[in-house]
Structures are given as structure tokens and as C-alpha cells.
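**Q** One structure, pasted below without further comment.
FYI, it's all coordinate maths here, none of it is from the lab. Computed from a prediction, not measured in an experiment: that's the story for all the values here. Because the Cβ atoms are built from the backbone with ideal geometry, glycine has one as well, and the counts that use them run over all protein chains shown.
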Amino acid sequence: MRENFEKKSETTAQKVLKYFSLLMTFAYPALGLYLLLSSPEQIALDPVAKIGVGVMLIVYGLYRFYRTYQRYFKGNESAGRND
């Protein structure tokens, strides 16, 4: 019964993975915004391809943020209950 209330300790590798995942959730949308806002001289891509890849990176970054939040940061209040 007591082990249900004890917090599991994270290993160093798990902490590194958690914060790397969080960092990447900000890196993908930042790269997508950079692609969308960059001038044609900075990145030599077709404008339609730049928009497509930029939007995909932003959406993927938002998806990664959701998954990272669900996995590492959302409290699991109902884990010990048998309702």
C-alpha cells in the first residue's frame, strides 16, 4: 500500500530524455517559423515547398509537445485507484 504513494525516482538517462524531448518540442516549430518567414535568398526552396515543410514542422512540434506533456508532465492521479 505504501509503495503506491511513493514517488518513483528518475534515472539520469530518463531526465535527459525528458528535457531533450521538451527542447525538441520548441525546436521544430521554431524551424518551421524560420522557413515560413525566411526570404528566398536565405533558403533556396520553392515557395510552395517552404510553406508545406514549415507548416508540417509546426504541426509536428505541437504534436511532440502534446505527447511529451502526456508522457512526462501530466500527473497520473488515477494510477493507484481501482474505481
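**Q** Just how large is the dipole of region 11-72 about the Cα centre, in debye to the nearest 20, putting +1 at every Lys and Arg Cβ and -1 at every Asp and Glu Cβ? If you can, show how the numbers build up before the last one.
**A** Numbers: 6 positive and 2 negative charges, 97 e Å.
For region 11-72, the charge dipole is close to 460 debye.
**Q** Provide the gained length on full extension for the span K74 to E10, in nm with one decimal, where the gain is 0.36 nm per separating residue minus the Cα-Cα distance. Could the numbers behind the result be given before it?
**A** Numbers: separation 64, 0.36 × 64 = 23.04 nm, distance 1.52 nm.
The K74-E10 span can extend by a further 21.5 nm.
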